[in-house]
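Worksheet for the structure shown next.
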Amino acid sequence: MARLLYTVLFYAAQPLVWVRLLWRGRRQPEYRQHIDERYGFYPPAPSAPVIWLHAVSVGETRAAEPLIDALLARYPEHALLLTHMTPTGRETGRSHAARHPGRVIQAYLPYDLPDAARRFLRHFRPQIGLFMETELWPNLIAAAHSARIPLALVNGRLSARSQRGYQRLDALIRPALQSLALVAAQTAADASRLASVGACSPQVTGNLKFDVTPDPARLAQGHNWRAEIGARPIWLAASTRDGEEALIFDLLAGLAVAKLLLIVVPRHPQRFDEVAALACARGLRLKRRSAGELPDAETQVWLGDSMGEMASYYAASDLALIGGSLLPFGGQNLIEAAACGCPVLVGPHTFNFAQAAEDAIVSGGALRVADGAGLAEAVTHLLTTPEDRINMKEKAIAFSQAHQGATARTMALLEPLLSKQRSPTTAAAVR
């Protein structure tokens, strides 16, 4: 009954869905592309048997890299279907397709409408489906269950806030989680929260993000930027969210750090122009990465308005603030910064990645600040005290390396499911 009501409401909301697509398409034209895929209509499917992996957006797509590589190496006769919900996720996934030409196919996951879900499964006939992190689509899960297509939640995470939301939708969420053949969680706390909302015997495998190796070419690019910029101190504000840039810009003028360069990389590309305007309104001397110019000696803010270059920004910087943590957005993931050897600052709001943040702080590779005043104090201290900054850098790298191994643990759990593969034609029984 709960799923029926959900489905009726989802169909009724389609006019609003179209309005949202058109509205977002004003700032990101990519939202107006491949709309047919969002309703289950696709170009010809590969002839090879398909492993399907869903990564909703940028963070999940990057985290999936080591698992994609491991799956394609272990099952060389298979193609991998990589689905997304956002254009930025799809753009990020192109690097995976480029590394595995002809074997990684990209598409949008359809909206969770029963007919669209059935068309998707009939078209691609996946032998297994993997959801990254917290993606749950009740109608799609029900259709796969009816077609005897095993589904797994991998790299699963669930914050306490999301747990409370799921508990309010228990009649809808619990059956979906109970239909999954496997739930692999990042931490014991994630496993406990997932079990409380319906997951059956979730396993703890660790965070796949720790197994992502920074692209050597991106690191080299960052080091080259640093060499050209020179010896001035560089502070990176990475993956910032709405409202945080204004706070950071207001702090910048008061920092007692000579020749400081601030790099700001907003989380969402549609906000690049807005953030540039915020800096200019404060009289800050700004350059943009998209213009192809490196900062000069007079530049105060370099806007990182590019995609796929975060490792380069980390490699070029002395210190990084992880965005989404100054204001109550829950924080972005700090693991990539640590893997690149960049000391990390986080604000008070890290509930999206609570365990990773706490572990990094305990290791000494990260430092939590309570507010803007604490941020200003920490930035000033670390950029003027090289020995403390170098010590944090070494501990950040050690923290990253100590938590590797999630890919191997996840593969060990997936292999029994994949060993039971049926002929791909049997999935055509989806009704």
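Assorted remarks:
- Each other residue within a Cβ distance under 11 Å of Leu153 adds +1 if Lys or Arg and -1 if Asp or Glu, for a net charge of -2.
- Nearest-20 debye value, the chain charge dipole, Cβ charges on Lys, Arg, Asp, Glu: 1400 debye
- For the range 91-191, the C-alpha radius of gyration divided by 2.2 N^0.38 Å, with N the number of residues, is 1.16.
- Gain in span if fully extended, Ile397 to Gln28, counting 0.36 nm per residue against the direct Cα distance: 129.3 nm
- Heavy atoms of Lys420: accessible area, 1.4 Å probe, square angstrom to 10: 150 Å²
- Under the criterion of Cα pairs below 8 Å and six or more residues apart, the relative contact order for the range 205-326 equals 39 percent.
- The residues of the range 105-258 have, on average, 37 Å² of accessible surface per residue, using a 1.4 Å probe with all protein chains present.
- Considering only Ala354, Leu413, Val379, and ranking their Cα positions along the charge dipole of the range 339-427 that arises from unit charges at the beta-carbon of Lys, Arg, Asp and Glu, the one farthest toward the positive end is Leu413.
- Unit charges at the beta carbon, dipole of the chain: most positive-side option, Ala13, Thr205, Thr88: Ala13
- Taking the chain and dividing mean pair separation by its residue count, relative contact order in percent (alpha carbons under 8 Å, at least six apart): 14 percent
- The range 313-343-the range 215-244 distance, computed between alpha-carbon centres (Å): 11 Å
- Taking trypsin sites (Lys or Arg not before Pro) across the range 82-182, the ones in a DSSP loop with at most 13 further Cβ atoms lying within 10 angstrom of their Cβ are Arg148.
- Euclidean distance between Cα centres, the range 81-126 to the range 128-201, Å: 20 Å
- Nearby lysines by direct alpha-carbon distance to Lys395 (threshold 26 angstrom, same-chain neighbours under 8 apart not counted): Lys209
- In units of the rule-of-thumb radius 2.2 N^0.38 Å, the chain shows an alpha carbon radius of gyration of 1.01.
- This model, with +1 at the C-beta of Lys and Arg and -1 at the C-beta of Asp and Glu, gives the range 283-363 a dipole about its Cα centre of some 180 debye.
- Rolling a 1.4 angstrom probe over the chain with all protein chains present gives an accessible area of which 56% lies on carbon and sulfur atoms.
- Dipole magnitude of the range 274-428, debye to nearest 20 (Cβ charges: Lys/Arg +1, Asp/Glu -1, about Cα centre): 500 debye
- In a DSSP loop and with at most 12 other Cβ atoms within 10 Å, the GluC sites (Glu not before Pro) in the range 34-103 are Glu77.
- Candidates Ala276, Ala45, Ala152: whichever shows maximal mean-square fluctuation once the chain is modelled as a Gaussian network with Cα springs under 10 Å: Ala45
- One quarter of the surface of the convex hull around the alpha-carbon atoms of the range 1-97 equals 8.0 nm², the direction-averaged projected area.
The values are calculated or read from the model by the stated rules, or taken from the named source; none is laboratory data. Here the structure is a predicted model, which is why all the values come from computation and not from measurement. Quick reminder, even Gly has a Cβ in these numbers, built from the backbone with ideal geometry, and neighbours come from all protein chains shown. All accessible areas refer to the heavy atoms of the entire protein, side chains included, with ligands and DNA or RNA removed. Shrake-Rupley method; radii C 1.70, N 1.55, O 1.52, S 1.80 Å.
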